[in-house]
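**Student:** I'd like to ask you about the structure that follows.
The values are calculated or read from the model by the stated rules, or taken from the named source; none is laboratory data. Worth saying up front: this structure is predicted, and the values here are computed from it rather than measured. Glycine also receives a Cβ, built like all others from the backbone with ideal geometry; neighbour counts cover every protein chain displayed. These area figures cover heavy atoms from the full protein model, side chains too; ligands, DNA and RNA do not enter into them. Shrake-Rupley method; radii C 1.70, N 1.55, O 1.52, S 1.80 Å.
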Amino acid sequence: MKTFVYIDHFKGEVQPGSWEALGLAKTFGAATALVFGSAVEDVAKAAFEYGADEVLLADDPVLLDYRAEPYASTLSALASSSTPDLILFPTTTRTRELAAMSALDLNSNVITDATAVEINSDTIFVTRPIYEAKLFEKVTASARPQLITLRGRAFPKPEQEAGRTGTITKVEAKTEALSSVEGYSVAEVGVSLNDAGVIVSGGRGVSNNPSLQPPAGMDDKQAEVWRAQQGFKLVGELASVLGGAVGASRAAVDAGYIPYSNQVGQTGKVVAPDLYIAAGISGAIQHLAGIRSAKMVVAINKDADAPIFKVARYGVVGDLFVILPALTEAFKKKLGK
Amino acid sequence: MKIIACIKQVPDSEAKVRAEGGKISWGDAPLVINPFDEYAVEGALQQKEATSGTVTALCIGPESAKEALKHALAMGADDAILVSDPALNEIDTVGAARVLAAAIQKIGGVDMVVFGRQTLDSGSGLTPAQTARVLGWPMLGLAGQIKVEDGSVTVERVIEEGRQIVKAKSPVVISVVQSIGEPRYPSFMGIRKASKAEIPIWSLNDLGVSAPAPIVTRTELMNPPARDTNVEIITGESPADIADKLADKIIAEKVL
C-alpha cells in the first residue's frame, strides 16, 4: 500500500496526531510524509524522527498561512502525479477541510475520525463513530487514493528516534489563493482536549458553591458566572497537577461559565483520554457518548443517582469544592509535585 | 446580501441511537433540524439583518424534512427550498455537495452560503468545503464571527491554536461554530408564517444533475462496546482521606 501521511502543523508546531498517522502508515509499509508551509524544514526533519521514509516538501511563502484552497490544490496535484493508495491525516480543523476539497479533485472521498483501519487484500476497511459516537460504522471505499483522517489518540504515537534522517524531495506548491489571512489571536490553550491523556471536566455543578461571596455590585447572573469561574479554577488546578486538559459539559458552556472550545460531548468534542474526571457533571446522554472512548472515568457529584456514575469506575458522592482541592493536594504529594 | 443557509434533518440529540438488525434505530425520538445548522441559520440571519439581505433555507432530504425547513422559516428565514429525489437516498458528502452547488447556482445571485460545521448523524463535516470546491468559491470554515464590508467577508475562524482572521471576496461559503451566538427561538409570528409556507420541492431533473454514486459504503454497523459499569464509590473519614484513597486507586490503574 503506497501511503502518504499529511503532517498538520500551525507555524511549525505539529499536531501530535500527525505522528500517530505516521505510525499507522508504517504498519502498511513505507511511509511518505507530506509537509506544506513556508520555511518548514524542521517539520520535515521531525517527520523522519517519527518514522517517515521520505518527505515531500512544498515550501513556498504562499503556504506560510494555512488556507484551504492552495493547500488542497498542492495536495491534489501531488496525489495525481504520485498515485498513492492511501492518504492519512490527523483529524484537525485544517485537515478536514483540505482533505474534503482534495478528495473532490481526485474523484475520491474522505473517511473522517477513523478509530481503526484494516487492510485486507487491498480492500480498506475503516471504523468510525457516528451519531455523536452513540454508534460505530465500518466502511469501505472503492476509489484510490482513499483519504482518511484519524481520530486523535486512537492510534499509538511512535517513539521519536533522534537523529534519524532521510531524503527530502521538494515539490511544487500551488499558489492560487481565494482568501487572505489578516491575522491571528492565538489563545493560551494549554493541553488540547483532543490530545490529552487526562481531562478534568466541570459541569453546571461548579457554580453551586453558595459559601463563596462574589465581589459587590454583581447581579445574580454575574455572581453565578463568577462562582462558576472559581469552581473551574479548582478543576484547572487538578488538571494542571495531572498534566491534563480542562473540559466542560454543555450545560456549563451554555451558562457562559467557560468557552465553547472546552466543551465535551454533543456539538462539542469526542475525546479519548486515559483518565476522565467529571466534577459536577450529571451525565447527559450526549456527554456520555462524547467520553465513551475514555479508558477510565472518575465521577465526583453530590447526587448519588447522577447517570455519570453508571459509566464511572470510581465515584465520590460529595461536594466538588471540597473533594477537588483535596484530590489536587493528594496527587501533588504522591506524584512528587 | 442574498444568503443561503444549508440545513439537514437528523434524529434529536437526546435520542438513544442503536444498531438493530443492521439498521440505525432512534426509537420514537423526533427528527429535528441538525443542532449545528441552527447556528448556521442564526449566523445567516445576523448577516441578513446587518446587510438588509434575505435568507433562503436549503435542505436535501425526504418530504418530511420540510419540518426542519419550517424551523428555519420560523426563526426568520425568508423562504425555503427542499431538494428531494429518491435517487438521493444513498449519496455521500461529495454527492450532497454537487447537488447543493447545483441548487445554489439555480437560485442564482447568491453572495453567501452558510453551513453548520457538521451534522449529528454522520458527523464528517466535509460537505461545506466540498460545496465550496464545486462552486469554486472561497471557503471560510469554522467561523465564530462574520463581518461583511464592501463586498468582502471577514471571519474569525476558530482553530485548535486560537483564532485565524480570514478575508475573502463574496460569494463565499462559510461554516459556523457555536461562538456565532445562540440560535434565536422562533417567534410566534414566525411559527405562524412557517406553518402556512409553501415549500417548493426541486428534483434532480429540475437541477439538471444526477446523483453521483457514493465512494464510501457501509459494510457493518456496531453498537459501542459496553463499559464495565461497576462503579466503586470511595468513602472516607474526611475529604483528605477520600482524596488520598481515590488518588491511590487512580495511580494503581496506571492511567496517568
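**Student:** Taking the condition of being away from every other protein chain (no Cβ under 14 Å), farther than 15 Å from B:C59 by Cβ and open to solvent by 30 Å² or more (accessible area, probe 1.4 Å), how many residues in region B:79-113 meet it?
**Tutor:** 5
**Student:** Answer with yes or no whether B:D150 is more than 7 Å from every other protein chain (Cβ to nearest Cβ), free of Cβ contacts under 8 Å to residues at least 40 places away in the same chain and over 25 Å from the mean Cα position of the chain (by Cα). Before the answer, list the steps.
**Tutor:** Values: more than 7 Å from every other protein chain (Cβ to nearest Cβ): yes; free of Cβ contacts under 8 Å to residues at least 40 places away in the same chain: yes; over 25 Å from the mean Cα position of the chain (by Cα): yes.
Judged against the criteria, B:D150 is a match.
**Student:** Next question. Of all residues in region B:205-250 being among the basic types (K, R) and more than 30 Å from A:N107 (Cα to Cα), which is farthest from the other protein chains (Cβ to nearest Cβ)?
**Tutor:** Taking region B:205-250 first, the residues among the basic types (K, R) are B:218, B:227, B:245, B:249.
Remaining after also requiring more than 30 Å from A:N107 (Cα to Cα): B:227, B:245, B:249.
On the way: B:R227: 5, B:K245: 9, B:K249: 6 Å.
If we take residues in region B:205-250 being among the basic types (K, R) and more than 30 Å from A:N107 (Cα to Cα), then B:K245 is farthest from the other protein chains (Cβ to nearest Cβ).
**Student:** Is there any pair linking a residue in region A:168-187 that is at negative phi to one that is open to solvent by 60 Å² or more (accessible area, probe 1.4 Å) and part of a strand (DSSP E or B), with Cβ under 7 Å and at least six apart or on different chains, and which?
**Tutor:** Once the first residue is at negative phi and sits in region A:168-187, its partners that are open to solvent by 60 Å² or more (accessible area, probe 1.4 Å) and part of a strand (DSSP E or B) give A:T169/A:E54; A:S179/B:K167; A:S180/B:K167; A:E182/B:K167; A:Y184/B:R163; A:S185/B:R163.
**Student:** Limited to region B:121-134, what total is found for residues that are more than 7 Å from chain A (Cβ to nearest Cβ) and open to solvent by less than 20 Å² (accessible area, probe 1.4 Å)?
**Tutor:** Final tally of qualifying residues: 3.
**Student:** Assess whether B:E182 counts as being surrounded by 13 or more Cβ atoms within 10 Å (Cβ to Cβ) and closer than 30 Å to A:L193 by Cα. First the steps, then the outcome.
**Tutor:** Details: surrounded by 13 or more Cβ atoms within 10 Å (Cβ to Cβ): no; closer than 30 Å to A:L193 by Cα: yes.
Here the answer is no, as B:E182 does not meet what is asked.
**Student:** Would you pick out the residues in region A:189-209 that are closer than 15 Å to A:Q263 by Cβ and either assigned to a strand (DSSP E or B) or open to solvent by 50 Å² or more (accessible area, probe 1.4 Å) (or both)? Can you show your working first?
**Tutor:** In the first step, residues of region A:189-209 are kept if they are closer than 15 Å to A:Q263 by Cβ; the result is A:189, A:192-194, A:196, A:199-204, A:206.
Matches in region A:189-209: A:V189, A:I199, A:V200, A:S201, A:G202, A:R204.
**Student:** Determine, yes or no, whether A:S211 is more than 19 Å from the chain's Cα centre (by Cα), among the hydroxyl-bearing types (S, T, Y) and at pLDDT 95 or above. Walk me through how you get there before you give the answer.
**Tutor:** Working: more than 19 Å from the chain's Cα centre (by Cα): yes; among the hydroxyl-bearing types (S, T, Y): yes; at pLDDT 95 or above: no.
Judged against the criteria, A:S211 is not a match.
**Student:** Quick one: in region B:1-21, which of the residues that are without any contact (Cβ under 8 Å) to a residue 60 or more places away in the chain and assigned to a strand (DSSP E or B) is nearest to A:K138 (Cα to Cα)?
**Tutor:** Ranking the candidates gives B:E20 first.
**Student:** Please count how many residues of region A:211-238 are on the phi < 0 side of the Ramachandran plot and not in a helix (DSSP H, G or I). Steps first, answer last, please.
**Tutor:** Looking only at region A:211-238, we keep the residues that are on the phi < 0 side of the Ramachandran plot, and these are A:211-216, A:218-238.
Retained after the next criterion (residues that are not in a helix (DSSP H, G or I)): A:211-216, A:218-219.
Going through region A:211-238 one residue at a time, the tally reaches 8.
**Student:** Shifting gears a bit: Scanning region A:297-306 for residues that are open to solvent by 10 Å² or more (accessible area, probe 1.4 Å) and within 11 Å of another protein chain (Cβ to nearest Cβ), which turns out nearest to A:G265 (Cα to Cα)?
**Tutor:** Quick first cut of region A:297-306, residues open to solvent by 10 Å² or more (accessible area, probe 1.4 Å) only: A:301-305.
Adding the requirement that they be within 11 Å of another protein chain (Cβ to nearest Cβ) leaves A:301, A:304.
Values: A:N301: 18, A:A304: 22 Å.
Within region A:297-306, the match that is nearest to A:G265 (Cα to Cα) is A:N301.
**Student:** Can you pull out the residues in region A:260-279 that are open to solvent by 10 Å² or more (accessible area, probe 1.4 Å) and either more than 8 Å from chain B (Cβ to nearest Cβ) or over 18 Å from the mean Cα position of the chain (by Cα) (or both)?
**Tutor:** A:N262, A:G268, A:K269, A:V270, A:A272
**Student:** Taking B:N205, is it outside any loop (DSSP other than H, G, I, E, B) and exposed (fewer than 14 other Cβ atoms within 10 Å of the Cβ)? Spell out how you get there, then give the answer.
**Tutor:** Numbers: outside any loop (DSSP other than H, G, I, E, B): yes; exposed (fewer than 14 other Cβ atoms within 10 Å of the Cβ): yes.
Against the criterion (outside any loop (DSSP other than H, G, I, E, B) and exposed (fewer than 14 other Cβ atoms within 10 Å of the Cβ)), B:N205 qualifies.
**Student:** Could you identify the single residue in A:L212, A:L238, A:L242 that is of a type in the set (A, V, I, L, M, F, W, C), within 23 Å of B:L256 (Cβ to Cβ) and open to solvent by 10 Å² or more (accessible area, probe 1.4 Å)?
**Tutor:** So the residue among A:L212, A:L238, A:L242 that is of a type in the set (A, V, I, L, M, F, W, C), within 23 Å of B:L256 (Cβ to Cβ) and open to solvent by 10 Å² or more (accessible area, probe 1.4 Å) is A:L242.
**Student:** While we're on this one: I'd like to know if region A:27-40 contains one or more residues that are out of contact with any His (no Cβ under 7 Å at 6 or more places or on another chain), over 15 Å from A:K170 (Cα atoms) and open to solvent by less than 10 Å² (accessible area, probe 1.4 Å).
**Tutor:** Yes; the residues of region A:27-40 include at least one that is out of contact with any His (no Cβ under 7 Å at 6 or more places or on another chain), over 15 Å from A:K170 (Cα atoms) and open to solvent by less than 10 Å² (accessible area, probe 1.4 Å).
**Student:** Got a sec? Which of A:V186, A:V171, A:V225 is under 18 Å from the mean Cα position of the chain (by Cα) and open to solvent by 20 Å² or more (accessible area, probe 1.4 Å)?
**Tutor:** Details: A:V171 fails: under 18 Å from the mean Cα position of the chain (by Cα); A:V225 fails: under 18 Å from the mean Cα position of the chain (by Cα).
Being under 18 Å from the mean Cα position of the chain (by Cα) and open to solvent by 20 Å² or more (accessible area, probe 1.4 Å) holds for just one of A:V186, A:V171, A:V225, which is A:V186.
**Student:** Still on this structure, please answer the following. Out of region A:4-54, which residues are free of Cβ contacts under 8 Å to residues at least 12 places away in the same chain and within 17 Å of the chain's Cα centre (by Cα)?
**Tutor:** Of everything in region A:4-54, just one residue is free of Cβ contacts under 8 Å to residues at least 12 places away in the same chain and within 17 Å of the chain's Cα centre (by Cα), namely A:E13.
**Student:** Quick check on region A:320-337: of everything there that is free of Cβ contacts under 8 Å to residues at least 24 places away in the same chain and more than 16 Å from A:N208 (Cβ to Cβ), which residue is farthest from the other protein chains (Cβ to nearest Cβ)?
**Tutor:** Filtering region A:320-337 for residues that are free of Cβ contacts under 8 Å to residues at least 24 places away in the same chain and more than 16 Å from A:N208 (Cβ to Cβ), the one farthest from the other protein chains (Cβ to nearest Cβ) comes out as A:G336.
**Student:** Kindly indicate the residue of region A:243-259 that is under 30 Å from A:G336 (Cβ atoms) and in a loop (DSSP other than H, G, I, E, B) and also farthest from the other protein chains (Cβ to nearest Cβ) among those meeting that condition.
**Tutor:** Initial filter on region A:243-259 (under 30 Å from A:G336 (Cβ atoms)): A:243-248, A:258.
Retained after the next criterion (residues that are in a loop (DSSP other than H, G, I, E, B)): A:243-244, A:258.
Details: A:G243: 8, A:G244: 9, A:I258: 12 Å.
Taking the candidates together, the pick is A:I258.
**Student:** Going through region A:77-111 one residue at a time, which ones are outside any loop (DSSP other than H, G, I, E, B), more than 10 Å from chain B (Cβ to nearest Cβ) and over 18 Å from A:K11 (Cα atoms)?
**Tutor:** A:A77, A:L78, A:A79, A:S80, A:S81, A:S82, A:L86, A:I87, A:L88
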